[in-house]
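Trainee: Okay, here's the structure, questions in a sec.
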Ligand code: PRP
Ligand code: URA
């Protein structure tokens, strides 16, 4: 029941311009090595505040969600392997750099996950993108798999799995099982997510200890309809419809 769920912690946010910093609710901490929560910066908290607000209109919801998605994608890419790559600069000096090594692809869990595809394309030009259509049954909240179309060589790629909402974890678990059944090793899957519930993420991180989760925020819990609270409502409806 909702009443037994502890409140997410509050923290002082942002630089000090007046005597005190404003307080804001920050992500619930989780203690799994494979779960990475974005730094709770003033920018991220302000962006999340916009998309959580029920009065935010669709154009703004899309704009601010896209900015968070971009942060998630940039952080997700930090978890991919790199190799040493020295270059010569126009001053004739050597800079000891790195470059990314390996093949990647995105896989979105439709419908809401498709909203994250452009953010991935903005960072990785012409990246291959597969789709898995999983819908949560509105009564039972159990996921149902309807369709998937994935790159043929997906087993040789790192997979950035995309879904903004992670409630019971049923949909993401089903998607990971599809990827594993196509030969993708668990350790080559990175799940990028905007808002997660503690119960969803704890179960998922334990079930798939080698898979990495990159999330912007772990929220307080789930309500009686298995919606994330405080959450932001139905992401797909707010991004695509209302
Ligand atoms: C939402 C969301 C996730 C899922 C999360 O999708 O995008 O896929 O629910 O819930 P879970 O963790 O309890 O499985 P939904 O099935 O509502 O479809 P949509 O993408 O069309 O909105
Ligand atoms: N799907 C959403 O869009 N929001 C939730 O809170 C749960 C599932």
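The values are calculated or read from the model by the stated rules, or taken from the named source; none is laboratory data. As the structure is a prediction and not an experimental result, all values here were calculated from the model. Heads up, the Cβs are rebuilt from the backbone with ideal geometry, glycines too, and the neighbour counts pull from every protein chain shown.
Trainee: Kindly indicate whether residue 180 is away from ligand 2 (no atom under 16 Å from the Cβ), outside any loop (DSSP other than H, G, I, E, B), within 19 Å of residue 231 (Cα to Cα) and modelled with pLDDT of 95 or more. Please lay out each step first, then the result.
Mentor: Numbers: away from ligand 2 (no atom under 16 Å from the Cβ): yes; outside any loop (DSSP other than H, G, I, E, B): yes; within 19 Å of residue 231 (Cα to Cα): no; modelled with pLDDT of 95 or more: yes.
Spelling it out, it is not the case that residue 180 is away from ligand 2 (no atom under 16 Å from the Cβ), outside any loop (DSSP other than H, G, I, E, B), within 19 Å of residue 231 (Cα to Cα) and modelled with pLDDT of 95 or more.
Trainee: Sticking with this one: Taking only the stretch 195-236 into account, find how many residues are away from ligand 2 (no atom under 12 Å from the Cβ), in a loop (DSSP other than H, G, I, E, B) and buried (at least 16 other Cβ atoms within 10 Å of the Cβ).
Mentor: Number satisfying all stated conditions: 2.
Trainee: Determine, yes or no, whether residue 58 is within 16 Å of ligand 1 (Cβ to nearest atom), crowded, with 16+ Cβ neighbours inside 10 Å and more than 18 Å from residue 212 (Cβ to Cβ).
Mentor: On the way: within 16 Å of ligand 1 (Cβ to nearest atom): yes; crowded, with 16+ Cβ neighbours inside 10 Å: no; more than 18 Å from residue 212 (Cβ to Cβ): yes.
So residue 58 does not fit the description; no.
Trainee: Just wondering, is there one or more residues in the stretch 178-190 that are more than 12 Å from ligand 1 (Cβ to nearest atom) and on the phi > 0 side of the Ramachandran plot?
Mentor: Yes, the stretch 178-190 contains at least one residue that is more than 12 Å from ligand 1 (Cβ to nearest atom) and on the phi > 0 side of the Ramachandran plot.
Trainee: Which one of these is out of contact with any helix residue (DSSP H, G or I) (no Cβ under 9 Å at 6 or more places or on another chain) and farther than 18 Å from residue 168 by Cβ: 107, 127, 98? Quick ask: steps written out before the conclusion?
Mentor: Numbers: 107 fails: out of contact with any helix residue (DSSP H, G or I) (no Cβ under 9 Å at 6 or more places or on another chain); 127 fails: out of contact with any helix residue (DSSP H, G or I) (no Cβ under 9 Å at 6 or more places or on another chain).
Criteria check complete, one pass: 98.
Trainee: With the stretch 65-141 as the region, which strands (runs of 3 or more DSSP E) entirely inside it contain at least 1 residues that are at pLDDT below 95 and surrounded by 16 or more Cβ atoms within 10 Å (Cβ to Cβ)?
Mentor: Per the criteria, 129-136.
Trainee: Would you check which residues across the stretch 142-152 are in contact (Cβ under 8 Å) with a residue 24 or more places away in the chain, more than 12 Å from ligand 1 (Cβ to nearest atom) and not in a strand (DSSP E or B) and list them?
Mentor: The answer is 150, 151.
Trainee: Looking only at residues that are within 16 Å of ligand 2 (Cβ to nearest atom) and surrounded by fewer than 20 Cβ atoms within 10 Å (Cβ to Cβ) in the stretch 142-167, which one is nearest to the chain's Cα centre (by Cα)?
Mentor: So, considering only residues that are within 16 Å of ligand 2 (Cβ to nearest atom) and surrounded by fewer than 20 Cβ atoms within 10 Å (Cβ to Cβ), the one nearest to the chain's Cα centre (by Cα) is 143.
Trainee: Shifting gears a bit: Does residue 172 satisfy being closer than 15 Å to residue 109 by Cα, in contact (Cβ under 8 Å) with a residue 40 or more places away in the chain, in contact with a strand residue (DSSP E or B) (Cβ under 8 Å, 6 or more places away or on another chain) and within 16 Å of ligand 1 (Cβ to nearest atom)? Please lay out each step first, then the result.
Mentor: Values: closer than 15 Å to residue 109 by Cα: yes; in contact (Cβ under 8 Å) with a residue 40 or more places away in the chain: yes; in contact with a strand residue (DSSP E or B) (Cβ under 8 Å, 6 or more places away or on another chain): yes; within 16 Å of ligand 1 (Cβ to nearest atom): yes.
Against the criterion (closer than 15 Å to residue 109 by Cα, in contact (Cβ under 8 Å) with a residue 40 or more places away in the chain, in contact with a strand residue (DSSP E or B) (Cβ under 8 Å, 6 or more places away or on another chain) and within 16 Å of ligand 1 (Cβ to nearest atom)), residue 172 qualifies.
Trainee: From 50, 116, 110, which residue is in contact (Cβ under 8 Å) with a residue 12 or more places away in the chain and out of contact with any strand residue (DSSP E or B) (no Cβ under 8 Å at 6 or more places or on another chain)?
Mentor: Details: 116 fails: out of contact with any strand residue (DSSP E or B) (no Cβ under 8 Å at 6 or more places or on another chain); 110 fails: out of contact with any strand residue (DSSP E or B) (no Cβ under 8 Å at 6 or more places or on another chain).
Only one candidate qualifies: 50.
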